[in-house]
Amino acid sequence: MIARAKVLLLAACLALAAIPAAAEYGDVVLNRRSEAEGVRPVVFPHWFHRIRFRCKVCHFELGFKMRAGANVVTMKEISEGRFCGMCHNGQVAWAADRCDLCHSGKKGLRSGIQGGHETLGPGFW
Amino acid sequence: MPRRLATILLLALAAAAWAQPDLRRWLPLAKDGLHDPANPAIRELQEPREALARLAPDTAGNQVRWMQALDRGQIVPRSSIDPSTEVRLLEDDILLNLAGGTPIVRFPHRAHTLWLDCSNCHEKPFVSKAGANKLDMRKILQGEQCGICHGAVAFPLTECSRCHSVPRPSRAGAPPRPAVPPGAPRP
C-alpha cells in the first residue's frame, strides 16, 4: 500500500515537473511598431542577456528604462548604435541586418513581459 | 550472504539519493508560445536548455539561482560596455519590515549592486535613507517597488522567505537568529 502511494507520489511529481510554463521567465515581447511595420514582433530574452551582461549595462549605461513598454526604440536608433545597437552592430553581437533573429515572435503577440509568475506584476503594466 | 546483499542495496540507494536527477525542463523556443516556429532563423537562436541546464538550479523563475551562478563563476557577465563607466558596488545589508508581522527582510546591497547600478533604484523608486521608504507588499505584488524586478525578471514573489529571511526575536526577548547567507539552501 505504502509502496503504491510512493509510486503515485513520484508520478505526480514527474507530471508536475513536466508541465511546461509557456514563455521563459522574463521574456519581453516588443510589438509597439513591429507588426504595423510589416515584421514579426521582437522577443527579448532576459535569461540570454543576463548570462552575458549585468542588468546595469542595459538599464544604466544604455538607458533602457526598467518598465516594459517604456522604451520606444526605432531601427534608426539601433543602426546609429544606440540602445540594442550598442552591441548588435556585428562586433559584440549580430548586426541589425539579421532581422529574423530578433523579430522572431508570432503574429498578434501583445507587448509586455511574458512568462512571469502568478502575481499581478508583469500583467499589471 | 544476505547481509552482504543488504549492504550492496543500501550503498546503491545511497548513491541514487546522492546523484539527484535534475528534473528541470525548458521548452524549446519553437514551442514556447512566443517564437514563430515558421521562422527559419529560430534554429540559430540559443535554446534555454542549452544555456541554463549547467547553471545552479532553482525551483522558480528561470529555474536558475542567478546569484549562485554568478558567485560560482558559472556565468561571467560584463559590468560595462564603455571602459570609462564607473562600476559601483555596495556591501551592506539593510533590515526592513522591522515592525511587521512577517519575518524581517534582509536586503543585501551586495547582491543588488553586483547586477544593478545605484541609479536603478535611487532616488526612484527608493530614497537613500533607511526607514524612509514605505514598502507595501500590495504595491510589490502589483509590480511597483521591489516588484519592478521581483516577479518579472528577478526571483519571483512566490519565494517569500528569500527576502523575509530573518526570524523575529521572540516575545521573551531572545536575539534574532542570523540571516540565511546568500546561496545557502533554504530550510
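The values are calculated or read from the model by the stated rules, or taken from the named source; none is laboratory data. Values in this document were obtained by computation on a predicted structure and should not be read as measured data. Cβ atoms come from the backbone with ideal geometry, glycine included; neighbour counts cover every protein chain shown.
Starting from residues that are without any contact (Cβ under 8 Å) to a residue 24 or more places away in the chain and closer than 21 Å to B:Ala60 by Cβ, keep the ones in the stretch A:25-49 and report whichever is surrounded by the most Cβ atoms within 10 Å (Cβ to Cβ). Spell out the reasoning first.
In the first step, residues of the stretch A:25-49 are kept if they are without any contact (Cβ under 8 Å) to a residue 24 or more places away in the chain; the result is A:36-38, A:45-49.
If we keep only those that are closer than 21 Å to B:Ala60 by Cβ too, we end up with A:45-49.
Working: A:Pro45: 25, A:His46: 21, A:Trp47: 23, A:Phe48: 18, A:His49: 18.
Applying the filter and picking the extreme gives A:Pro45.
Residue-wise test of (1) among the polar types (S, T, N, Q); (2) in a loop (DSSP other than H, G, I, E, B).
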{"site": "B:Leu90", "(1), (2)": "no, yes"}
{"site": "B:Thr102", "(1), (2)": "yes, yes"}
{"site": "B:Thr113", "(1), (2)": "yes, no"}
{"site": "B:Glu123", "(1), (2)": "no, yes"}
{"site": "B:Asn133", "(1), (2)": "yes, yes"}
{"site": "B:Lys139", "(1), (2)": "no, no"}
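Do you know which residues across the stretch B:40-56 are surrounded by fewer than 18 Cβ atoms within 10 Å (Cβ to Cβ), at the interface with another protein chain (Cβ under 9 Å from one of its Cβ atoms) and among the small types (Gly, Ala, Ser)?
Selection gives B:Ala41 alone.
Among (1) more than 7 Å from chain A (Cβ to nearest Cβ); (2) in a loop (DSSP other than H, G, I, E, B), where does B:Ala14 come up short?
The failed condition is (2).
Of the conditions (1) touching a Leu at 6+ places or on another chain (Cβ under 9 Å); (2) more than 23 Å from B:Met67 (Cβ to Cβ), B:Glu123 fails just one. Which one is it?
(1)
Take the stretch B:57-76 and flag every residue that is in contact with an Asp or Glu (Cβ under 9 Å, 6 or more places away or on another chain) and either facing another protein chain (nearest Cβ under 9 Å) or surrounded by fewer than 18 Cβ atoms within 10 Å (Cβ to Cβ) (or both).
B:Pro57, B:Thr59, B:Ala60, B:Gly61, B:Asn62, B:Val64, B:Trp66, B:Gln68
Tally time: how many residues in the stretch A:30-47 are facing chain B (nearest Cβ under 8 Å) and at pLDDT below 95?
0
Considering B:Ser84, B:Ser119, B:Ser80, which residue is free of Cβ contacts under 8 Å to residues at least 12 places away in the same chain, in contact with a Phe, Trp or Tyr (Cβ under 7 Å, 6 or more places away or on another chain) and surrounded by fewer than 18 Cβ atoms within 10 Å (Cβ to Cβ)?
Numbers: B:Ser84 fails: in contact with a Phe, Trp or Tyr (Cβ under 7 Å, 6 or more places away or on another chain); B:Ser80 fails: in contact with a Phe, Trp or Tyr (Cβ under 7 Å, 6 or more places away or on another chain).
Unique residue meeting the criteria: B:Ser119.
What is the number of the single condition among (1) touching a strand residue (DSSP E or B) at 6+ places or on another chain (Cβ under 9 Å); (2) at the interface with chain B (Cβ under 7 Å from one of its Cβ atoms); (3) crowded, with 21+ Cβ neighbours inside 10 Å that A:Lys56 does not meet?
(1)
Can you find, within the stretch B:122-157, the residue that is farthest from the chain's Cα centre (by Cα) among those that are among the β-branched types (Val, Ile, Thr) and facing chain A (nearest Cβ under 9 Å)? I'd like the intermediate steps shown before the answer.
Going through the stretch B:122-157, the residues among the β-branched types (Val, Ile, Thr) turn out to be B:127, B:140, B:148, B:153.
Filter once more, so that each one left must be facing chain A (nearest Cβ under 9 Å): B:140, B:148, B:153.
Details: B:Ile140: 16, B:Ile148: 15, B:Val153: 10 Å.
The qualifying residue farthest from the chain's Cα centre (by Cα) is B:Ile140.
Note down all Cβ pairs under 6 Å where the first residue falls in the stretch B:53-71 and is in contact (Cβ under 8 Å) with a residue 12 or more places away in the chain, the second is of a type in the set (Asp, Glu), and they're at least six residues apart or on different chains.
Partner pairs satisfying both residue conditions: B:Ala60/B:Glu159; B:Val64/B:Asp58; B:Arg65/B:Asp58.
If the requirement is being assigned to a helix (DSSP H, G or I) and touching a Phe, Trp or Tyr at 6+ places or on another chain (Cβ under 8 Å), which of these qualifies: B:Ala60, B:Ala51? Walk me through how you get there before you give the answer.
Working: B:Ala60 fails: assigned to a helix (DSSP H, G or I).
B:Ala51 is the lone residue from the list that is assigned to a helix (DSSP H, G or I) and touching a Phe, Trp or Tyr at 6+ places or on another chain (Cβ under 8 Å).
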